[in-house]
Amino acid sequence: MDEGSCLEENFPLLSSHSSPALRDNLGLQDEDNRMKAENGLTCSETDEEIIHPSRVDFEVNERRRVINYQEILQCCDELKIHSKDLKREKQKILRYKPGAWIEKAGGLKISDYDVPKTTCLLLVGPRGSGKSSLINRISKVVEDDRFAPARAQESYNSLLGDGTSFLQEYMIPRYSNSICLYDTRSLSDNSEKDENIRMLKSWMTKGVHHGELVVRKTDNQRLRKSLKGKAHKKGYLSSKTRKVNFVIYVVNGLLVLKAMENDGALETQCVQSIVSTFNCPFLSFKDDKPVLVFTHGDLLSFSERALVREHLGTLLGIPPTKQIFDIPDCDCPATESAIIRMLRYSLAHADRHFPQRSKVMDKVHKMSLSLYMILLILGIGIAIGWAQNTENRRVQFPRPKQKVPKSKPIEWHKIRHIW
């Protein structure tokens, strides 16, 4: 059995959904092998002439895809964790405090970072990706309450309306102030790329407000009027501005699968928009790209979910088994495990990128502290001097003694004795 048939048998979806570039390259390899056979050349005689770095890189990538696909399929057994282990990992999330997972690198300590009171995780993604549903799923898992009512408004039909129009803040869990998730307005398709960049830049540089209305420049007049009417009724814009500490990018796994099957130009355009916005520099923290969650896995078979996960890793350049999380809308230990691992990844990377305290503020703080110490010492010195001066005055000017009036002598001759 040759290598191609073995790949087809062990990984049928991977080979059937191979890109045209892969098939073209395989065709070129077959042509090269045929030419070598006609010329009577062996592989050892023509390696230096035939093998090119680009083909070596291509083969490495394709072999890596096969390995990743196999690892994803094997993740099913790893996700079957015991309830005690899941509870222990969940407790780590519940006990989390901002800065708890800061790495002491470069000789810096926790006190050297500007640690916020609340770690803010921003959810972004195209329309219908399932951001609001993901927030509800996370809330139920962390609070361990499957029967809790939905906190975020979900869209039943993504073709109607535009989903979330106001930035919504959700504390996780709701009684804590350590973690908050922000639901945002959906990103537009690739035709409105500049508008997406404008929104992302505003959120990442200026911060986010709970209840803030998000209006696009491309919104028509009727939609603008409707949104402003809703904003007037809401009236709960928070004065608290939160800086985004990490990003969770959410995509629809079913849409990605359809784009892989070349089902239509619309799906392909949506995937291109995902790639362009995911690689937006405003969403990254230095070299760390956002974590990616794909939803609607409950509508796919397990092999299709593995294929989508591997394909997204190839498109976005991130490891599919470490930075891409398959979170379907269902209640099962595997889903709970994926949510806890995704939160752990996001919070750990958020802690890594807390900004350092400003040197100017440190200097001002040190100057203020020095000035305070000087004033304190001067105050103590003045108090001691005043006390000593008062004591000296008491010694130099003693109080005059009060004269005690002398008692008159008794005149005995004037005393009459009464017998």
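Would you be able to say whether some residue in the range 174-186 is of a type in the set (Asp, Glu), under 18 Å from the mean Cα position of the chain (by Cα) and open to solvent by less than 10 Å² (accessible area, probe 1.4 Å)?
Yes, some residue in the range 174-186 is of a type in the set (Asp, Glu), under 18 Å from the mean Cα position of the chain (by Cα) and open to solvent by less than 10 Å² (accessible area, probe 1.4 Å).
Go through (1) under 25 Å from Gln272 (Cβ atoms); (2) modelled with pLDDT under 95 one by one and return the number of the condition Ile248 breaks.
(2)
Note down all Cβ pairs under 6 Å where the first residue falls in the range 167-180 and is assigned to a loop (DSSP other than H, G, I, E, B), the second is open to solvent by 30 Å² or more (accessible area, probe 1.4 Å), and they're at least six residues apart or on different chains.
These pairs meet every condition: Leu167/Glu212; Pro173/Glu143; Ser178/Lys97.
Please identify the pairs in which a residue from the range 100-127 that is part of a loop (DSSP other than H, G, I, E, B) has its Cβ atom under 6 Å from the Cβ atom of a residue that is modelled with pLDDT under 90, counting only partners at least 6 apart or on another chain.
The qualifying pairs are Ile102/Ile110; Asp114/Pro355; Asp114/Arg357; Arg127/Ser158; Arg127/Gly163.
Just to be sure before I move on: is Asp287 touching a His at 6+ places or on another chain (Cβ under 9 Å) and either open to solvent by 20 Å² or more (accessible area, probe 1.4 Å) or over 27 Å from Lys97 (Cβ atoms) (or both) in the structure I sent?
When the stated conditions are applied, Asp287 does not pass them.
Conditions (1) under 30 Å from Phe147 (Cβ atoms); (2) among the small types (Gly, Ala, Ser); (3) at pLDDT 65 or above; (4) loosely packed, with under 10 Cβ neighbours inside 10 Å, marked per residue:
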{"position": "Phe325", "(1), (2), (3), (4)": "yes, no, yes, no"}
{"position": "Ser337", "(1), (2), (3), (4)": "yes, yes, yes, no"}
{"position": "Lys359", "(1), (2), (3), (4)": "no, no, no, yes"}
{"position": "Leu371", "(1), (2), (3), (4)": "no, no, yes, no"}
{"position": "Leu378", "(1), (2), (3), (4)": "no, no, yes, no"}
{"position": "Lys403", "(1), (2), (3), (4)": "no, no, no, yes"}
{"position": "Ile418", "(1), (2), (3), (4)": "no, no, no, yes"}
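Residues of the range 127-146 being closer than 17 Å to Leu255 by Cβ and open to solvent by less than 50 Å² (accessible area, probe 1.4 Å), which ones?
Selection gives Gly128, Ser129, Gly130, Lys131, Ser132, Ser133, Leu134.
Looking at Pro149, is it open to solvent by 10 Å² or more (accessible area, probe 1.4 Å), under 28 Å from Lys87 (Cα atoms) and not aliphatic (A, V, I, L, M)? Outline the logic, then answer.
Details: open to solvent by 10 Å² or more (accessible area, probe 1.4 Å): yes; under 28 Å from Lys87 (Cα atoms): yes; not aliphatic (A, V, I, L, M): yes.
Yes.
Check whether at least one residue in the range 150-167 is modelled with pLDDT of 80 or more and touching a His at 6+ places or on another chain (Cβ under 9 Å), and report yes or no.
yes
Can we say Arg151 is touching a residue at least 12 places away in the same chain (Cβ under 8 Å), farther than 25 Å from Pro281 by Cβ and among the basic types (Lys, Arg)?
The answer is yes for Arg151.
The values are calculated or read from the model by the stated rules, or taken from the named source; none is laboratory data. Not measured: the values here are computed from a predicted model. Don't worry about glycine lacking a Cβ; one is built from the backbone with ideal geometry, like all the others, and counts go over all protein chains shown. Heads up: the accessible areas ignore ligands, DNA and RNA and are worked out on the full protein's heavy atoms, side chains in. Shrake-Rupley method; radii C 1.70, N 1.55, O 1.52, S 1.80 Å.
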